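Contents: one structure, followed by commentary.
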């Protein structure tokens, strides 16, 4: 049960980390005012629910939808969570392994996820 709880916390932390990066990159106003940008950020967060073997492809598809204002955000996300591209077919070691923040397998297995640390 401890591992499952840790994965739930990591998923929440993942969402919060993306939100913090939006703020730290000076994109808060854009997030508030630009519906398409906001949707794209939410799609980044939704990568937590994509099958592990499709995370990189999903990231690449989402990146194509952002405008140039988001380059710093996408660069951070790629370095920390996806793995910076070394070549077309290979990626550098990432800061946060996909298995730490991705909860697709738990959702498919319908493992309950407490919304509150008191419930755990």
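At-a-glance table
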quantity: Verdict on residue 8 being at pLDDT 75 or above, surrounded by 12 or more Cβ atoms within 10 Å (Cβ to Cβ) and assigned to a helix (DSSP H, G or I); calculated: no
quantity: All helices (runs of 4 or more DSSP H) inside the range 42-120 with 3 or more residues being modelled with pLDDT under 80; calculated: 98-101, 104-108
quantity: Residue that is surrounded by the fewest Cβ atoms within 10 Å (Cβ to Cβ), among those in the range 21-41 that are outside any helix (DSSP H, G or I) and touching a residue at least 24 places away in the same chain (Cβ under 8 Å); calculated: 25
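The values are calculated or read from the model by the stated rules, or taken from the named source; none is laboratory data. Here the structure is a predicted model, which means the values were calculated and not measured. Cβ coordinates were reconstructed from backbone atoms using ideal geometry, including for glycine residues, and neighbour counts include every protein chain displayed.
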